[in-house]
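Below: the structure, in structure tokens.
The values are calculated or read from the model by the stated rules, or taken from the named source; none is laboratory data. Note that this is a predicted model, so its numbers are computed, not measured. Reconstructed Cβ throughout: ideal geometry from the backbone, glycine too, with neighbour counts over all protein chains shown.
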């Protein structure tokens, strides 16, 4: 910034020389100056004492005696700059042998004779920092000499002392340190610098200490600080990455993609003994600092992204909940209002049974029968939730079913099981409220739509069309979920069904349809091997007779496997040999041949529920089957109040 | 400058070649496996290489090792779906000077290639 050629000064006439031939002094008090980081020499106090070359040594001596703080004077010969005589140089001349005799009576210009070097002249816009560097790089003999500051705009020269400059420089440095400290204390990012040995430098932001929960980071190795917080693999990857960061041949921007610490989880010791460890999520970014061809340091930016991660998780959950709600609304719109109402009523029933059973005072227990009955209730509800496609309800019910199953098998009920059942119950209650809420909202939206829909038959009777639609949806749904193609044919010549029959039938047919899809219809491969149509066929016939309704439900699947039924019966200790009896064994409680329990079927409930329900309605069910070919159920329901004869 | 694109997928190779529009690049070569890559590398002495890591007949790491052993100073960009951090680190040890993780967008690819060219130019000046 300074111009070394500025030594060739302009003629003095071009300058403003207010103190010419005088002892004029222009000085700003050192205390008054407030430097900032990039202060220039303009702010540095100096003296513009300009004298004529004719001024005698004695006069100069008097001036210096009066103003000991004066670094020196600027000499002009008429309008031409002649040179600078510093106080130090003056006293050096005078103190020589015969100094007074030589210099006192003569023009002071002769004191310049033995100065071979022109005074250092710096431009007034030169920074303090750069001025220090230039002053200190003068020849050793001249280092302590004052220097000239030239303001080109004003055409003014000032003479400044080195110690004033050094003082200013140290003030600037202190200010910069303070600013750096303030920045490091106030930035919300964790900033630190590591050297080639991964050691953390003294200057790191306050947040770093907060993030790592320690204040002794200076000089610590960054990997050592991280090691106890990370799992072994992450630690090793990070360590490897730090090593390659200092490899200068790698391209800065092209190694960011393999930074293993873009998002890492750190485990901190718990604050209280019993608590779990605390997890914090960090994002580490690395900027390499190049000095010539080497990577001297790496700036590490650490962000605590725990909150962001948690928020993202929460948001996800909220979105899932909203999605769920939407799904419920969509389903409600598609479902027969009567069906939904019944589902909700039974849902409520089950919930209150649970509340009664598991809200008992301690010490009292409940019978296995009660648990079994509840279990069936829940199982049926799950089936209904499945065809209503209320998948969150289905999931929650499946979970509850699992828990009840454990209770059914274990004679002693563990407290932990009860707690789990309680939480399942709470979840279910929430789901129930959700559906009620959605329903209310829909009702509020207007008395249009299907909530008060026109498909509802006159009171007392139900049109089977709704039931058929539900079955067809259930079969299509299961077909997709199980990967078994199937078609559903109906042949309905029946009039409306009485309401109570419709409900029983509804329940029965749903169980049968599930059984057919899960157990009856074989996989495409199996069917192909057997020479059957790859797509399964399920048929439903509704016929009306004078005395009764006849319903035939049939699938062209595997049929009843008498071998398996016999085995199962034997294992259960039932002594059956007759094929006709075997057919009926499948209606016994606790009977199921499915190999694994899924949420679709196979818990040993189902067919027994059907028979019980039918018997209550005064009806009958008769199975027909040929192994490997078909399975059909003939259901009879009385038209009158009296039960059909068995 | 010559560029050698090494990748066993024709789609990826063409995707890279399509995005090479830098005036510095005068010739582009393609290799679908490590053996062919080395043959072309020795014959053409390209300054720039993009290297896949998982390839039949001599994988990327072995290829890098061979090039490194010959004392060549090509600027090599590894373009790979890095499923193992170890492999990535090994590639660096074997002389790769950058990474582009698959899948990449064409902007990412162009930027990466520009960086690579810049690096190769600096390399030339130093030599």
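Side notes on the structure shown:
- Evaluated against (1) under 30 Å from residue A:434 (Cβ atoms); (2) modelled with pLDDT of 85 or more; (3) surrounded by 13 or more Cβ atoms within 10 Å (Cβ to Cβ), residue A:302 falls short on exactly one condition, (1).
- Residue list for segment B:48-77, restricted to those being away from every other protein chain (no Cβ under 14 Å), under 24 Å from residue B:110 (Cα atoms) and surrounded by fewer than 22 Cβ atoms within 10 Å (Cβ to Cβ): B:54, B:61
- Taking the listed residues A:502, A:513, the one that is part of a helix (DSSP H, G or I), in the same structural domain as residue A:557 (by TED's automatic domain parsing), within 19 Å of residue A:611 (Cα to Cα) and within 46 Å of the chain's Cα centre (by Cα) is A:513, with no other qualifying.
- Checked against (1) within 20 Å of the chain's Cα centre (by Cα); (2) within 10 Å of chain B (Cβ to nearest Cβ), residue A:277 passes all but a single condition, namely (2).
- Which numbered condition residue A:282 fails, given (1) assigned to a strand (DSSP E or B); (2) buried (at least 17 other Cβ atoms within 10 Å of the Cβ); (3) within 14 Å of chain B (Cβ to nearest Cβ): (3)
- Condition met for residue B:112 (within 11 Å of chain A (Cβ to nearest Cβ), in a loop (DSSP other than H, G, I, E, B) and closer than 14 Å to residue A:253 by Cα): no
- Conditions (1) more than 7 Å from chain A (Cβ to nearest Cβ); (2) under 15 Å from residue B:51 (Cβ atoms); (3) surrounded by fewer than 19 Cβ atoms within 10 Å (Cβ to Cβ): number failed by residue B:106: (2)
- Counted residues, segment A:500-536 - those being surrounded by fewer than 17 Cβ atoms within 10 Å (Cβ to Cβ) and at pLDDT 80 or above: 11
- Looking across segment B:82-103, just one residue is modelled with pLDDT under 85, in a loop (DSSP other than H, G, I, E, B) and within 9 Å of chain A (Cβ to nearest Cβ), and that is B:82.
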